[in-house]
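Throughout, read-outs are computed from the coordinates displayed, never taken from laboratory work. Only a predicted model underlies this, so the values are computations on that prediction, with no experimental measurement involved. Note that each Cβ is placed from the backbone with ideal geometry, even for glycine, and that neighbours are counted across all protein chains shown.
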């Protein structure tokens, strides 16, 4: 299957873990030495006022892309778990 960047930009990215819509692709990252796609970049702004802030992006590694369909791109992203502290009992 071949797909241009313009076609990818029109597809909506959806996380299969929680069903949330993540947005549309704004960039594709390549490894120039191997000529392979490393991943996709989508914006991380969810409110109107975040439009004025820069640098908030989510990188999705190519290994976490489940399926590229006609209208959507399904990805598998898990929320980072906070570090746990071990409490020693008496």
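Structure values in brief
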{"quantity": "Label-point gap, in nm, between residue 24 and residue 65 - each point 7 angstrom along Cα→Cβ", "calculated": "1.7"}
{"quantity": "Ordering of 69-79, 1-11 by packing [mean C-beta count within 10 Å, highest first]", "calculated": "69-79, 1-11"}
{"quantity": "Spin-label model distance (nm) - residue 17 vs residue 79, 7 Å beyond Cα toward Cβ", "calculated": "1.0"}
